[in-house]
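First comes the structure, then the notes that go with it.
The values are calculated or read from the model by the stated rules, or taken from the named source; none is laboratory data. Every value quoted in this text rests on a predicted model; they were computed, and no experiment measured them. Note: ideal-geometry Cβ built from the backbone for every residue, glycine included; neighbour counts use all protein chains shown.
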Amino acid sequence: MVDEAAARESPPASCWLGRVQMVLGDGWVRIILPHAVEVTTRIGDLRDATDDERAAYDARVARCRETRL
């Protein structure tokens, strides 16, 4: 999923891209980012990731995993 509410122009920050880990209720979910950080966000701020975004997420997870070994 992509959290577009996390994007901003100043300072520059891209959208969060992560997998939904847990539905918390009351419109909130917890997503896990590629580098294993969990963030809580509103369901209404999420959209489905594109195929390219999913591939980028998977590649980043693999890179992060390699650096931890």
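Before moving on, here are some points about what is shown:
- Filter pass, Val61 being at pLDDT 90 or above and not in a loop (DSSP other than H, G, I, E, B): no
- Scanning the stretch 13-49 for residues that are aromatic (Phe, Trp, Tyr) and free of Cβ contacts under 8 Å to residues at least 24 places away in the same chain yields one hit, Trp28.
- Residue within the stretch 7-20 that is modelled with pLDDT under 90, exposed (fewer than 14 other Cβ atoms within 10 Å of the Cβ), more than 14 Å from the chain's Cα centre (by Cα) and among the β-branched types (Val, Ile, Thr) present: no
- Total residues in the stretch 27-56 satisfying the condition of being outside any loop (DSSP other than H, G, I, E, B) and closer than 16 Å to Ala6 by Cα: the figure is 16.
- Residue within the stretch 26-39 that is modelled with pLDDT of 90 or more, over 10 Å from the mean Cα position of the chain (by Cα), surrounded by 12 or more Cβ atoms within 10 Å (Cβ to Cβ) and not charged (D, E, K, R) present: yes
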